[in-house]
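K.L.:
I'd like to ask some things about the structure below.
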């Protein structure tokens, strides 16, 4: 009888080894994929020292260049062609008031690149008329973003139309129905001469012509022309303000800033995608030469820049939030204002009323936006660690409802930009304190001033960098975190050991103990691979080196309060707790944990589909590279299958050691994998 038991046990152990080897092979394969991904990434990030061809490189000044180059545009006849009228029905999302605006199709000429054929390209767009047309109306040039067209500008034109403006929306060259070269990485990160190969040159020529078209209309008051644009249109708003600012009453760049080099601090920014350049491939010569022609900060140094107002989000996908600092400071007058949206992305909510406030200030000589001056910020120390005392001076023509400090702990995953009210200590002076986070972290902050009696009208200061606020809670936090993970795991393993080993017949205990140790080890390795998958790419943007991981999602997307509301600050913690919970569940039910990982894989696939649809959703963007699935995405699926494999093997060895009996229901895993009891052969 003992020989029979030994024979059966040997057969079972052979099967165990086969399953174990299969599992180990899966781990090795996963590790190989990870290492291959790292190797490929290193290959694509090697420094490219190729010399960039430029013209006028020595002591180049873009403003001096355009003082001469603008004559080429001015000598190009607009040749305006007006088409048929149609009606644009618009409902204000806040007031629900309905409008019927007249839309008239328009074509006009603009210069092509120097030495290019044809020399002239025809741009397409629309003239939008307000409901109440006067003899003279203010005008607005409204420009769309990359991959858009003139129609996409209508929503940004609405606040101007409601205020009685005539608005011109045209499609950039190579967009919509406009002629001209399509935008590509090669003419964004151009390597030839600026006026012969840069798409930015074409769009600025088109913007200058658009301004000339508005100035030529008898119904437009040339002293009341404003310029605005979103994203790529916002960049052109800043370009045009530097070149023709003396002819512009006011400018509003929307979701666009300059100081491109600051994006090197965050390689996830999509600016590198439209350049199709890995951050480490960009040589110093680019920043010292080509960038002098396309970065808005070199245009904003002009004395011509009109009153200007930026609307920008802290979590913009294309521009790092530190870029706003130098962009704002480059303007050398004080008639400049900001509205930085906490947790805002490359598309903002509830900006219209503040836009109208600025329009009223420019056109109707209404109240000026508040002036915000940080008088001081001083670090101190208390029982919690470092803290920051902030003192703000606010000069406002309108009564102030509240003053808030908006801050973010940059090193804590998944933290939002949060607001804290400051207290008025004396007239026009507001004070407050920022305490450290749960762990030591770098901190950025800025000030928001909410105006009284207005419907969500507010302005902000620029962003200030504090450096690290040391937290005395860091070590206790990590200790509690480790205990939170390990203590339940130890209890569960001990429970398994008592039930699945100690309570068995003595002849089965050794084999059951060995298999339990292997199972727990495999589960630990599998869970480690899962957490590695969180830092690996789930989406890769062409060959640019830009990739987004699950950690990116936790930091950038889940913190979007305008979408997720009050849940946003807790979403990352919720996901982390769920991950840890299912690791603990895997110690009892690895198959259930595997199906959870499959669910997370499907969720990641859905997220990828949404990202690729939103960002790459127009034909004009086809040239900028496909958004591919990343290695982290596939590793999540591998981990899920590994969990299920461990679960099946666990059931197999537990049946063999009489820890459990197989279940025969049609929906049960035992029946799917034909796991059968051998108890009849084991009877004494």
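The values are calculated or read from the model by the stated rules, or taken from the named source; none is laboratory data. Being a predicted model, the structure only gives us computed values, none of them experimental. Note that we place each Cβ from the backbone using ideal geometry, even for glycine, and neighbour counts take in every protein chain shown.
K.L.:
Return a yes/no flag: does the stretch 611-623 have any residue that is in contact (Cβ under 8 Å) with a residue 60 or more places away in the chain and crowded, with 21+ Cβ neighbours inside 10 Å.
P.N.:
Looking through the stretch 611-623, none of the residues is in contact (Cβ under 8 Å) with a residue 60 or more places away in the chain and crowded, with 21+ Cβ neighbours inside 10 Å.
K.L.:
Is it the case that some residue within the stretch 574-582 is touching a helix residue (DSSP H, G or I) at 6+ places or on another chain (Cβ under 7 Å), surrounded by fewer than 18 Cβ atoms within 10 Å (Cβ to Cβ) and within 30 Å of residue 280 (Cβ to Cβ)?
P.N.:
There is no residue in the stretch 574-582 that is touching a helix residue (DSSP H, G or I) at 6+ places or on another chain (Cβ under 7 Å), surrounded by fewer than 18 Cβ atoms within 10 Å (Cβ to Cβ) and within 30 Å of residue 280 (Cβ to Cβ).
K.L.:
If I ask for residues that are over 23 Å from residue 120 (Cα atoms) and either under 35 Å from the mean Cα position of the chain (by Cα) or surrounded by 13 or more Cβ atoms within 10 Å (Cβ to Cβ) (or both), which ones from the stretch 65-99 would you list?
P.N.:
88, 89, 90, 91, 92, 93, 94, 95, 96, 97, 98, 99
K.L.:
Return a yes/no flag: does the stretch 582-603 have any residue that is in contact with a strand residue (DSSP E or B) (Cβ under 8 Å, 6 or more places away or on another chain) and modelled with pLDDT of 90 or more.
P.N.:
No, the stretch 582-603 has no match at all.
K.L.:
Within the stretch 158-173, track down each residue that is assigned to a loop (DSSP other than H, G, I, E, B) and in contact with a helix residue (DSSP H, G or I) (Cβ under 7 Å, 6 or more places away or on another chain).
P.N.:
Listed by number, the residues that qualify are 163, 171, 172, 173.
K.L.:
Also, I was wondering about something else. Among 188, 165, which is in the same structural domain as residue 114 (by TED's automatic domain parsing) and buried (at least 24 other Cβ atoms within 10 Å of the Cβ)?
P.N.:
One residue alone meets the criteria, 165.
K.L.:
Specify the residue that is nearest to residue 161 (Cα to Cα); the eligible residues are those in the stretch 100-119 that are surrounded by fewer than 14 Cβ atoms within 10 Å (Cβ to Cβ) and touching a strand residue (DSSP E or B) at 6+ places or on another chain (Cβ under 9 Å). Steps first, answer last, please.
P.N.:
Step one: of the stretch 100-119, the residues surrounded by fewer than 14 Cβ atoms within 10 Å (Cβ to Cβ) are 100, 115, 117-119.
With the extra rule that they be touching a strand residue (DSSP E or B) at 6+ places or on another chain (Cβ under 9 Å), the set shrinks to 100, 119.
On the way: 100: 10, 119: 34 Å.
Among those residues, the one meeting the criterion is 100.
K.L.:
Which members of the stretch 606-626 meet the condition of being at negative phi and outside any helix (DSSP H, G or I)?
P.N.:
Within the stretch 606-626, 616, 617, 618, 626 qualify.
K.L.:
Could you list all residues from the stretch 74-104 that are under 27 Å from residue 204 (Cα atoms) and touching a helix residue (DSSP H, G or I) at 6+ places or on another chain (Cβ under 9 Å)?
P.N.:
Answer for the stretch 74-104, where residues must be under 27 Å from residue 204 (Cα atoms) and touching a helix residue (DSSP H, G or I) at 6+ places or on another chain (Cβ under 9 Å): 74, 76, 78, 80, 103.
K.L.:
Hey, could you check the stretch 494-512 for residues that are surrounded by 16 or more Cβ atoms within 10 Å (Cβ to Cβ) and in contact with a helix residue (DSSP H, G or I) (Cβ under 7 Å, 6 or more places away or on another chain) and say which is nearest to residue 639 (Cα to Cα)?
P.N.:
Narrowing the stretch 494-512 to residues surrounded by 16 or more Cβ atoms within 10 Å (Cβ to Cβ): 496-497, 500-501, 504, 508, 511-512.
With in contact with a helix residue (DSSP H, G or I) (Cβ under 7 Å, 6 or more places away or on another chain) added as a condition, the list becomes 496-497, 500-501, 504, 511-512.
Values: 496: 23, 497: 25, 500: 25, 501: 27, 504: 31, 511: 26, 512: 24 Å.
Filtering first and then ranking leaves 496.
Let's see how each residue does on (1) more than 30 Å from residue 558 (Cβ to Cβ); (2) at pLDDT 95 or above; (3) more than 23 Å from the chain's Cα centre (by Cα):
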{"site": "287", "(1), (2), (3)": "yes, no, yes"}
{"site": "309", "(1), (2), (3)": "no, yes, no"}
{"site": "312", "(1), (2), (3)": "no, yes, no"}
{"site": "330", "(1), (2), (3)": "yes, yes, yes"}
{"site": "333", "(1), (2), (3)": "yes, yes, yes"}
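K.L.:
So which helices (runs of 4 or more DSSP H) are wholly in the stretch 277-333 and hold at least 2 residues that are over 27 Å from residue 156 (Cα atoms) and not assigned by TED's automatic domain parsing to the domain that holds residue 245? Lay out the reasoning, then the answer.
P.N.:
Working: elements: 291-294, 297-300, 323-330.
Here the list is empty.
K.L.:
Of everything in the stretch 538-557, what is surrounded by 22 or more Cβ atoms within 10 Å (Cβ to Cβ) and over 18 Å from residue 263 (Cα atoms)? Give them in sequence order.
P.N.:
538, 539, 550
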